[in-house]
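Read the structure below first, then the notes.
None of the figures in this text is laboratory data; all of them are computed from the coordinates on show. Nothing here was measured: the structure is a model prediction, and the numbers come from that model. Please note: Cβ atoms are built from the backbone with ideal geometry, for glycine as well, and neighbour counts cover all protein chains shown.
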Amino acid sequence: MARLTALDPDQTNGKSKELFTAIKGKMGMVPNMMRTMGNSPAVLNGYLGLSTALNSSSLTPKTRELISLMVANQNGCDYCNSAHSFIGGKIGIDADALAQARIGVSSDEKTNAALEFAKEVLDTKGNVSDDAIAKFKSAGYEEEQIAEIVAAVSLSIFTNYFNNTAKTDIDFPKLAPIHQN
């Protein structure tokens, strides 16, 4: 059961109403996570700002979704795990690649390097080794992608922690995290 209220966009006013209107215009609906973040217009605006900025990053939308999915699973976030699995499928990621990403791997070498580096960022709380940086760069990535993966992991941690705290009602087909040792 949700611990924070998912606001009704039709019954909201002020800055949250403005943000909900923009979200609905782009997505056709306002997902429960954003409706819940709307309790604080500053939080919702901050989430939207970083999310929008990362949409223009050099990482592909598929790579960003797979990273988000891996982080969601590592953090035990049912909402984000379900949302990113659904979104990933909608943008053309097949079920096998989604399942692999949930455990932090990919059959594509370059994508696998991105997932490994993202997992290293997550596991070390950003204290990645020089070897991890060198390995990532040797896979064909540059410092731009290092910065973008740190940002993508950070955004995912934010949404995971927010949804875990709020117990946001899942409005996507529900998938439970894969629990690992």
Worksheet item: According to a simple spin-label model (label point 7 Å from Cα along Cα-to-Cβ), what is the distance in nm between ASP8 and ALA134?
Response: 6.1 nm
Worksheet item: If you rank TYR47, TYR161 by fewest surrounding Cβ atoms within 10 Å, what's the result?
Response: TYR161, TYR47
Fill in: Contour excess over end-to-end distance, with Cα ends at GLU143 and ASP96 and 0.36 nm allotted per residue
14.0 nm
Practice prompt. Report the GluC sites (Glu not before Pro) located in the range 109-181 that are in a DSSP loop and have at most 13 other Cβ atoms inside 10 Å of their Cβ, or state none.
Written response: GLU142
Discussion item. For a quick check, take a GNM of the chain with Cα springs below 10 Å and name the residue from VAL121, VAL105, VAL43 with the largest mean-square fluctuation.
Written reply: VAL43
Item to complete: Would you mind pulling out the separation of the Cα centroids of the range 141-169 and the range 1-55, in Å?
Response: 17 Å
Response to the item:
Set LYS137/LYS167; LYS90/LYS110; LYS90/LYS119, cut-off 26 Å on Cα-Cα distance; pairs above it are LYS137/LYS167
